[in-house]
Amino acid sequence: MYLDMAATAPLRCEAREAMIAAMDEYGNPSSLHTKGLAAERLVEEARREVERALGFSSGVVYFTGSGTESNNWVFRAVFERFFKSKGHVVVSAVEHPAVWEPAHALKEAGFDVTVVGVNADGDLALEQAVAALRQDTVLVSVMEVNNETGALFPVEALSRHLRQHSRALLHVDGTQAFCKMPSWRPPSEPDFYTVSAHKIGGPKGVAALYARKSSPLKPMFLGGGQEQGLRSGTENVLGIVGFGAAAKIARTYANSNCLAESFVIHDAMVSGLEALGCRVARPMSKSPYIVTAAYPGIPAEVMVHALAEQGIYVSTGSACSSRRKKRSTSHRVLAAMGWSDEEQQSAFRLSFDAALSEQDVTFVLATLRERISWILKTIGRS
């Protein structure tokens, strides 16, 4: 049972089929002959599908190689636009490393960076974000859904506030929200919005950055002038086609009732975990598909391997840092939430989609109960 959807989702059959069909169109999209034009049409059709799924009206979708690249591109654009005057940047304490690290790179370059905190369940209050704004604020960068806790941030209200009261640019990392929330709608025209294909059943290695036409984007790479001159390099046609197919299907699911029903599954999972003695993050506003829990005294790695032996796959947190020797992203996020060192070391994440049933939850909780008992006996704590 795969419960690590926040790390990556299985490739949708529609995306696979679209990519296989596109293999026959082997032309370079920049070529002017028939084969090149056919490949270019595939790229533009996929772009339109991603644009339809996003629902924005006054910007451009640029294809990139990853959500990390998209996020870094925004911070590089801010650096180049304001490197003389510097300025002030606002991020939350629980951002993904693809935002957290570039923000601190700006700080090292002379920008002033304010880190807005969250509560014990990972919620970010609008008033805290607004209070951090200053006259010299040039960028606010926050995620829409936290990849560790599932907390839903008030990006819609924040976007409206910035449009009315500030000239700061708004960047939203929508990687965990895009087409994955019931009746999902994007926030009101941010300046930048990041999405990634493999989080919605598309292939790995392709993502996109939405940018308003007035945004200060500069070329990420120099060369052939692809992506309207802003991202040179031959397009990943197969990946882009798969992204477009996945976006088309994901948009349909986001507008159906199946994701709304996931809140019932989510709450059943949370209640069951708490009954087993776990501490569980309970954001006020949340995604229906991410649950972070900790069973103090059992290291997360031990729990992950014990469950994997029974065919249940969970994670210790962000896949981007879970194999590193240094302090992981999940530890940083949970520390910002005030969780103890023991809880941080014990925290594991379950993330799923609308296919998870109540019977599945019952099976997971029963297996977890048995695994906890087995681990405690093994380490002599029964």
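The values are calculated or read from the model by the stated rules, or taken from the named source; none is laboratory data. If you're wondering where the values come from, they're calculated on a predicted model, not measured in any experiment. Note that each Cβ is placed from the backbone with ideal geometry, even for glycine, and that neighbours are counted across all protein chains shown. Side chains are part of the model used for accessible areas, which takes the heavy atoms of the whole protein and leaves out ligands, DNA and RNA. Shrake-Rupley method; radii C 1.70, N 1.55, O 1.52, S 1.80 Å.
Tabulated results
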quantity: Residue in segment 218-235 that is among the hydrophobic types (A, V, I, L, M, F, W, C) and either touching a Cys at 6+ places or on another chain (Cβ under 8 Å) or within 19 Å of Asn147 (Cβ to Cβ) (or both) present; calculated: no
quantity: Pairs with Cβ under 9 Å, 6+ apart, first in segment 140-165 and among the acidic types (Asp, Glu), second open to solvent by less than 40 Å² (accessible area, probe 1.4 Å) and part of a helix (DSSP H, G or I); calculated: Glu144/Val155; Glu148/Thr329; Glu148/Ser330; Glu148/Val333; Glu148/Leu334
quantity: Count - residues of segment 335-367 that are open to solvent by less than 20 Å² (accessible area, probe 1.4 Å), closer than 28 Å to Pro182 by Cα, in contact with a helix residue (DSSP H, G or I) (Cβ under 8 Å, 6 or more places away or on another chain) and not in a loop (DSSP other than H, G, I, E, B); calculated: 6
quantity: Qualifying position, being at positive phi and at pLDDT below 95, among Gly55, Gly27, Gly59; calculated: Gly55
quantity: Neighbours by Cβ (under 7 Å, 6+ apart or cross-chain): first from segment 258-275, at pLDDT 90 or above; second assigned to a helix (DSSP H, G or I) and not charged (D, E, K, R); calculated: Ile265/Val361; Ala268/Val361; Met269/Val361; Gly272/Val361; Gly272/Leu365
quantity: Identity of the residue in segment 92-138, in contact with a Pro (Cβ under 9 Å, 6 or more places away or on another chain) and more than 20 Å from Gln344 (Cβ to Cβ), that ends up least open to solvent (accessible area, probe 1.4 Å); calculated: Ala129
quantity: Only one of Val155, Val241, Val237 that is modelled with pLDDT of 90 or more and open to solvent by less than 10 Å² (accessible area, probe 1.4 Å); calculated: Val155
quantity: Residue in segment 160-176 that is least open to solvent (accessible area, probe 1.4 Å), counting only those that are more than 15 Å from Glu127 (Cβ to Cβ) and at pLDDT below 95; calculated: Arg163
quantity: Subset of segment 180-199 (residues that are part of a loop (DSSP other than H, G, I, E, B) and either in contact with a strand residue (DSSP E or B) (Cβ under 6 Å, 6 or more places away or on another chain) or open to solvent by less than 10 Å² (accessible area, probe 1.4 Å) (or both)); calculated: Pro187, Pro190, Asp191
quantity: Single unsatisfied condition, Glu261 versus (1) under 19 Å from the mean Cα position of the chain (by Cα); (2) under 20 Å from Ala9 (Cα atoms); (3) open to solvent by 20 Å² or more (accessible area, probe 1.4 Å); (4) not aromatic (Phe, Trp, Tyr); calculated: (1)
quantity: Scan of segment 92-147 for residues that are assigned to a loop (DSSP other than H, G, I, E, B) and of a type in the set (Phe, Trp, Tyr), ordered by number; calculated: Phe111
quantity: Candidates Val50, Val89, Val78, Val60 - the one that is in a strand (DSSP E or B) and crowded, with 20+ Cβ neighbours inside 10 Å; calculated: Val89
quantity: Flag for Ser70 being small (Gly, Ala, Ser) and open to solvent by 20 Å² or more (accessible area, probe 1.4 Å); calculated: no
